[in-house]
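> Have a look at the structure that comes next, please.
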Amino acid sequence: DTEVTQTPKHLVMGMTNKKSLKCEQHMGHRAMYWYKQKAKKPPELMFVYSYEKLSINESVPSRFSPECPNSSLLNLHLHALQPEDSALYLCASSQDLFGRDGAMNTEAFFGQGTRLTVV
Amino acid sequence: AQSVAQPEDQVNVAEGNPLTVKCTYSVSGNPYLFWYVQYPNRGLQFLLKYITGDNLVKGSYGFEAEFNKSQTSFHLKKPSALVSDSALYFCAVRDGSSASKIIFGSGTRLSIRP
């Protein structure tokens, strides 16, 4: 199994709603990532988890709240979003932040993304 | 700080011709370089990576990339383009001195005409 599965595929939410994006992988990867991608732009890193602990927060607003309940799951909780938060949210995982030999040789595998629209 | 640049927003190639998508990078440590492809409304698919060793790296779908340390480049190439290669291509880098971040270039839209 070399897949990263994201649900839902599409989400429309109001600015007062609370919703969650979910990501799952069963490759035994210990690093998981959230990226945000606007149309025709590159993915922008939001959060990195390593061994279920938050390793990087790229100064993301608190209305985005990540959670890593176990080594296979990564959630992104959304609350009080703004229309400008509408984007494709991509989850990714990699074997580790460091490869077995200590080198950072591990590529990231991406899910298909959740297309989020905030109205 | 690490960065990666893709100087071309769009590359147009006739089917059957060779293609090149350019990428240059800047890192403080050893570079770990990746190419990804993205089809419309889809996630990113990994194509190939350079970690160490041979400068010419072969990847999925007949793509290859050439690492050039002196020019700090990692251009993506394919000897004979297919219409199905039309997509958005991203070069990415992981800085050897900063483990966690994979940073993407701005992307190049590859269009293959029949």
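> Of all beta bridges DSSP finds with both residues in chain B, what is the antiparallel percent, to the nearest 5? Walk me through the intermediate numbers first.
Numbers: 35 of 40 bridges.
Beta bridges within chain B, antiparallel portion: roughly 90 percent.
> Placing +1 on the Cβ of each Lys and Arg and -1 on the Cβ of each Asp and Glu in the range A:11-115, which of A:M27, A:S59, A:S93 has its Cα farthest towards the positive end of the resulting dipole?
In the range A:11-115, that residue is A:S59.
> Next up: Quick check for me: using +1 on Lys/Arg Cβ and -1 on Asp/Glu Cβ, what's the dipole size of chain A about its Cα centre, in debye to the nearest 20? Intermediate values should be presented prior to the final figure.
Numbers: 13 positive and 12 negative charges, 94 e Å.
Charge dipole of chain A: 460 debye, to the nearest 20.
> Cut-off under 19 Å on the C-alpha distance; same-chain residues fewer than 8 positions from A:K18 excluded. Which lysines are left, in chain and number order?
A:K9, A:K36
> If you don't mind, another one. Among the aspartates and glutamates, which have Cα under 17 Å from the Cα of A:K40 when same-chain residues fewer than 8 positions away are ignored?
Straight-line reach from A:K40, under 17 Å: A:E84, A:D85, B:E8, B:D9.
> While we're here: Using Cα pairs closer than 8 Å and at least 6 residues apart in sequence, work out the relative contact order for the range B:46-94, in percent. Kindly include the intermediate steps, with their values, before the conclusion.
Working: 48 pairs, mean separation 10.8, N = 49.
The normalised contact order for the range B:46-94 reaches 22 percent.
> Pairs of Cα atoms under 8 Å, at least six residues apart: use those to get the relative contact order of chain B, whole percent.
On the way: 295 pairs, mean separation 43.2, N = 114.
Relative contact order here is 38 percent.
> Only loop residues by DSSP count here, and only those with at most 15 other Cβ atoms within 10 Å; note down the chymotrypsin sites (Phe, Trp or Tyr not before Pro) in the range A:30-77 that meet that. All intermediate terms of the calculation are to be shown ahead of the outcome.
On the way: sites: A:Y33, A:W34, A:Y35, A:F47, A:Y49, A:Y51, A:F64; in loops: A:Y51.
Loop-located and lightly packed - A:Y51.
> Lone cysteines in chain A, defined as no other cysteine's Cβ under 4.7 Å from theirs: which are they?
A:C68 - these cysteines have no disulfide-compatible partner (Cβ-Cβ under 4.7 Å) in chain A.
> Another question, then. Give me the inter-chain shielding for A:107-115: mean count of other chain Cβ atoms within 10 Å, whole number please. Could the numbers behind the result be given before it?
Working: counts 12, 7, 4, 7, 3, 4, 5, 1, 1.
Counting Cβ atoms of other protein chains within 10 Å of each residue's Cβ and averaging gives 5.
> About the Cα centre of chain B, what is the dipole size in debye to 20, counting +1 per Lys and Arg Cβ and -1 per Asp and Glu Cβ, all else neutral?
Details: 11 positive and 8 negative charges, 31 e Å.
Once rounded to the nearest 20, the dipole reads 140 debye.
> Run down the aspartates and glutamates and flag those whose C-alpha is under 13 Å from the C-alpha of A:K22, throwing out any fewer than 8 positions away in its chain.
A:E67
> Would you work out the relative contact order for chain A, in percent, from Cα pairs under 8 angstrom that are 6 or more residues apart?
Details: 302 pairs, mean separation 42.7, N = 119.
Rounded, it is 36 percent for chain A.
> A follow-up question, please. All other residues with a Cβ under 12 Å from the Cβ of A:E58 taken together, and with Lys, Arg as +1 and Asp, Glu as -1, what is their net charge?
Details: positive: A:K36, B:K101; negative: A:E44.
That works out to +1.
> Quick one: work out the % antiparallel among DSSP beta bridges in the protein assembly as shown, nearest 5.
Working: 74 of 83 bridges.
About 90 percent, rounded to the nearest 5.
> Compare the Cα positions of B:S70, B:T20, B:C91 along the charge dipole of chain B (+1 at Cβ of Lys, Arg; -1 at Cβ of Asp, Glu; about the Cα centre) and return the one farthest towards the positive end.
The residue sitting farthest along the positive end of the dipole is B:C91.
> Can you give the FRET efficiency for A:M27 and A:S59, using 1/(1 + (r/R0)^6), R0 = 30 Å, r = Cβ-Cβ distance, to the nearest 0.05? Write down the numbers at each step before the final one.
On the way: r = 29 Å, r/R0 = 0.96.
Using R0 = 30 Å, I get an efficiency of 0.55.
> Give B:K49/B:K69; A:K38/B:K49; B:K58/B:K78; B:K49/B:K101 a once-over and call out the pairs whose C-alpha atoms are over 19 Å from each other.
Details: B:K49/B:K69 15 Å; A:K38/B:K49 25 Å; B:K58/B:K78 10 Å; B:K49/B:K101 15 Å.
Distance filter (> 19 Å) returns A:K38/B:K49.
We did not get these values from a lab; they are worked out from the coordinates using the rules stated. Everything numeric in this text was worked out from a predicted model, so none of it was measured. Neighbour counts run over all protein chains shown; Cβ positions are idealised from the backbone, glycine included.
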